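For reference, the structure is listed below as structure tokens.
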Amino acid sequence: MGKGDNERRYLAEQPVLPLDKQKTADDKPHYLGHRERLRERFANAGQGALPDYELLELLLFRLVPRADTKPVAKALLARFGTLAEVLGAPTTLLQEVKGIGPAVALDLKVIAAVTHRMLRSELTGREPLSSWQQLLDYCHAAMAFETREQFRILFLDKKNMLIADEVQQTGTVDHTPVYPREVMKRALELSATAIILVHNHPSGDPTPSRADIDMTKEIIEAGKRLGIAVHDHIIIGKRGHASMKGLLLI
């Protein structure tokens, strides 16, 4: 049997697809039409018309240009729970979700950093005591999903305007060493006359511990001797916060 016979037999054995099933050069991935429809819906109706997973999809369109991002978005929310928790998750955990590589994980953290800066800019040049919700939103975005405790200090001038916002200490999953002398030293360096203390509980429960209360009272006493007031100590959890002043603990 010659070469031509072999080729004819091979071709004869191949199934013939209907014309509407045969691939052409104009075929496009199925998700491209979905992307366009989702963009149009967002443009016409705004974010309120989209559930969280579709907003996350829109974000992933730019980060993952050649794939169906719907299952990735749903997997991220199933793993972490909320959009805030997705953006707050460490890059190592983000990469455990199928479809998220190192570059996309880093891009998500950049977006989280931009969000934090945006919220902080709303406090710049304003009095935190009269912009309390913005302060809470900023602290929640910055600290609520950290896997280790952070101790943050907001330094205020005599008009209660924000001078600086600094993370003074980072500790373990359930403890951060805080030294009242160092807190006051930094306040004096910045010429602050008042401070707001903030730290997070990685466990998610913002209830103040006995150690939290005792440490806060030590800082208050140290501040009194130097004319530096402690307006509040806020504890941030994943889904809420606790104000020691509001709870009448200080």
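Laboratory data are not the source of any read-out in this text; all were calculated from the coordinates shown. Since the model is a prediction, treat every value here as computed from it, not as a measurement. Neighbour counts are summed over all protein chains in view; Cβ atoms, including those assigned to glycine, are modelled from backbone coordinates with ideal geometry.
If I model a spin label at N44 and R148 as a point 7 Å from the Cα along the Cα→Cβ vector, what separation in nanometres do I get?
My value for the distance between the label points is 5.0 nm.
Based on the Cβ-Cβ distance of R181 and R79, what FRET efficiency does E = 1/(1 + (r/R0)^6) give at R0 = 41 Å, to the nearest 0.05?
0.45
Rounded, prolate or oblate: which one fits the range 125-179, using the alpha carbon gyration tensor with axes a ≥ b ≥ c (rounded when a/c is under 1.5, else prolate when a/b beats b/c, else oblate)?
oblate
Considering only DSSP beta bridges with both partners in the chain, what is the antiparallel share in %, to the nearest 5?
Taking every DSSP beta bridge with both residues in the chain, the antiparallel ones total about 70 percent.
Can you compute the charge dipole magnitude of the chain about its Cα centre, using +1 on each Lys and Arg Cβ and -1 on each Asp and Glu Cβ, nothing else charged? Give it in debye, rounded to the nearest 20. Write out the running numbers ahead of the final one.
Details: 34 positive and 32 negative charges, 49 e Å.
The calculated dipole for the chain is roughly 240 debye.
Take the alpha carbon gyration tensor of the range 32-117, find the square roots of its eigenvalues, order them as a ≥ b ≥ c, and report rounded if a/c is under 1.5; if not, report prolate when a/b exceeds b/c, else oblate. If you can, show how the numbers build up before the last one.
Numbers: a/c = 1.74, a/b = 1.42, b/c = 1.23.
Cα axes put the range 32-117 in the prolate bin.
Projected onto the charge dipole of the range 132-250 (+1 at Lys/Arg Cβ, -1 at Asp/Glu Cβ, origin at the Cα centre), which of A164, H241, A211 gives the Cα projection farthest towards the positive end?
So the residue we want is A164.
Considering the chain as a Gaussian network with a 10 Å cut-off on Cα pairs, which listed residue, T193, T176, T92, attains the greatest mean-square fluctuation?
T92
Add -39500 (n - 2.57) for each DSSP H run of 4 or more in the chain, then divide by its residues: what number comes out at 222 nm, to the nearest 500 deg cm²/dmol?
Only helices count here, giving -14500 deg cm²/dmol.
Go through L188, P177, L119 and say which Cα lies farthest out towards the positive end of the charge dipole of the range 85-207; charges sit on Cβ, +1 for Lys and Arg, -1 for Asp and Glu.
Comparing the listed Cα positions along the dipole, L188 ranks first.
What nm distance separates the two modelled labels at K245 and E218, each placed 7 Å from Cα along Cα→Cβ?
2.3
Using the alpha carbons of the chain, what is the convex hull volume per residue in cubic angstrom, as a whole number?
Taking the convex hull of the Cα positions in the chain, it is 188 Å³ per residue.
Arrange the following residues from fewest to most other Cβ atoms within 10 Å of their Cβ: H233, H241. Before the final figure, lay out each step's value.
Values: H233 25, H241 18.
Listing H233, H241 from fewest to most nearby Cβ atoms yields H241, H233.
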